[in-house]
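The structure appears below as structure tokens.
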Amino acid sequence: MADQTPTQPPQPVSHPLFARFYARVLARNEPAEMRDHRVALLAGLRGRVVEVGAGSGANFAHYPTTVDEVVAVEPEPYLRDEARAAAASAPVPVTVVEGVADALPLEDGSCDAAVACLVLCSVPDQGQALAEMRRVLRRPDGELRFFEHVLAKKPRTARLQRVVDRLFWPRAFGGCHTARDTGAAIAAAGFEIVEQRRVKAPALTPPPVSVQLAGRARLPHDPSAV
Ligand SMILES: C[S@@+](CC[C@H](N)C(=O)[O-])C[C@H]1O[C@@H](n2cnc3c(N)ncnc32)[C@H](O)[C@@H]1O
């Protein structure tokens, strides 16, 4: 894994083939269950939301109208253009900006919620990305909503995930890693997970990405904690 330290400048993200495949094939033909997961992920949000790695904007249509503004951060140029097109018909104002999770282009404490949907698999440094989400969330009530495919509990699937990550998966799928224990990373970054559930992946989901975790996390009440 090509991890970067927080002191290095963020690497540009360009995956032209994967971006087209994701936007034109995967996101456009999502099964109904995935749309339901997106609705559940965003339900009840309000105020100003940052969506990190928004891709082609597949979540935009599902934001509740209690949200005043979505700042959608997307580093990949093709996906950013697709996201801008999706933003035009969103039910809430969406501003799509260039940027990476590792250095969010937002002020400290400026957002009521952060949304991470199928993105913490692809960032170079989960700890840095989560620290950035913490930084931009408003205290004390800012919350993180997440929907991510994660490391399997079953040893056989976990072994398969590690093998595909080593052999080809990140190169083939835009930097995506299948064997990340994202729930643990969220807790290690100092979030308090208030709700999490394993989600059954839609039929035909390839086994390495079939274990999915959805939930909500909030900032610790003691600001000096981790
Ligand atoms: C599988 S796509 C998911 C897109 C979208 N969140 C969705 O739910 O459809 C992964 C996304 O992560 C983005 N990404 C990759 N590296 C990133 C980084 N360092 N910071 C922010 N986003 C990143 C990709 O450009 C892509 O949009």
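The values are calculated or read from the model by the stated rules, or taken from the named source; none is laboratory data. No experiment lies behind these values; they were computed from the predicted model shown. Cβ sites come from the backbone with ideal geometry, for glycine too, and all protein chains shown count toward neighbours. All accessible areas refer to the heavy atoms of the entire protein, side chains included, with ligands and DNA or RNA removed. Shrake-Rupley method; radii C 1.70, N 1.55, O 1.52, S 1.80 Å.
Cβ-Cβ distances below 8 Å connect the following pairs, each with a first residue in segment 203-215 that is open to solvent by 20 Å² or more (accessible area, probe 1.4 Å), a second residue that is among the basic types (Lys, Arg) and not in a helix (DSSP H, G or I), and a separation of six or more residues or different chains: VAL211/LYS153; VAL211/ARG198. Looking only at segment 186-202, which residues are assigned to a helix (DSSP H, G or I) and open to solvent by 20 Å² or more (accessible area, probe 1.4 Å)? Passing the criteria: ALA187, ALA188. Restricting the first member to segment 30-55 and to residues that are within 18 Å of ARG216 (Cα to Cα) and at pLDDT 95 or above, and the second to residues that are of a type in the set (S, T, N, Q) and away from the ligand (no atom under 11 Å from the Cβ), the beta-carbon pairs closer than 7 Å and six or more apart or on different chains are LEU45/THR66; ARG46/THR66; ARG48/SER110. Suppose we keep only residues that are touching a residue at least 12 places away in the same chain (Cβ under 8 Å) and among the β-branched types (Val, Ile, Thr) within segment 147-173. Which one would you say is nearest to ILE193 (Cα to Cα)? The selected residue is VAL150.
Take VAL94 and tell me if it is among the aliphatic types (A, V, I, L, M), over 15 Å from the mean Cα position of the chain (by Cα) and either on the phi < 0 side of the Ramachandran plot or surrounded by 17 or more Cβ atoms within 10 Å (Cβ to Cβ) (or both).
Numbers: among the aliphatic types (A, V, I, L, M): yes; over 15 Å from the mean Cα position of the chain (by Cα): yes; either on the phi < 0 side of the Ramachandran plot or surrounded by 17 or more Cβ atoms within 10 Å (Cβ to Cβ) (or both): yes.
Spelling it out, VAL94 is indeed among the aliphatic types (A, V, I, L, M), over 15 Å from the mean Cα position of the chain (by Cα) and either on the phi < 0 side of the Ramachandran plot or surrounded by 17 or more Cβ atoms within 10 Å (Cβ to Cβ) (or both).
The single condition among (1) closer than 19 Å to PRO207 by Cβ; (2) under 19 Å from the mean Cα position of the chain (by Cα) that GLY175 does not meet is (1). Pick from ALA129, ALA116, ALA103: which is open to solvent by 10 Å² or more (accessible area, probe 1.4 Å) and modelled with pLDDT of 95 or more? None of the other options fit; the residue is ALA103. Among residues of segment 133-146 being in contact (Cβ under 8 Å) with a residue 40 or more places away in the chain and in a helix (DSSP H, G or I), the one that is surrounded by the most Cβ atoms within 10 Å (Cβ to Cβ) is MET133. Considering only residues in segment 98-120 that are outside any loop (DSSP other than H, G, I, E, B) and within 15 Å of the chain's Cα centre (by Cα), the one that is farthest from the ligand (Cβ to nearest atom) turns out to be ALA113.
Mind listing whichever residues of segment 160-179 are assigned to a helix (DSSP H, G or I) and not acidic (Asp, Glu)?
Initially, segment 160-179 is screened for residues assigned to a helix (DSSP H, G or I), giving 160-167, 169-172.
Once the filter is applied, which keeps residues that are assigned to a helix (DSSP H, G or I) and not acidic (Asp, Glu), segment 160-179 yields LEU160, GLN161, ARG162, VAL163, VAL164, ARG166, LEU167, TRP169, PRO170, ARG171, ALA172.
State all residues of segment 11-63 that are assigned to a helix (DSSP H, G or I), surrounded by 15 or more Cβ atoms within 10 Å (Cβ to Cβ) and of a type in the set (D, E, K, R); if no residue qualifies, say none. Residue satisfying the conditions is ARG38 alone.
Would you pick out the residues in segment 67-89 that are open to solvent by less than 60 Å² (accessible area, probe 1.4 Å) and either away from the ligand (no atom under 14 Å from the Cβ) or touching a Cys at 6+ places or on another chain (Cβ under 8 Å) (or both)? Passing the criteria: VAL67, GLU69, VAL71.
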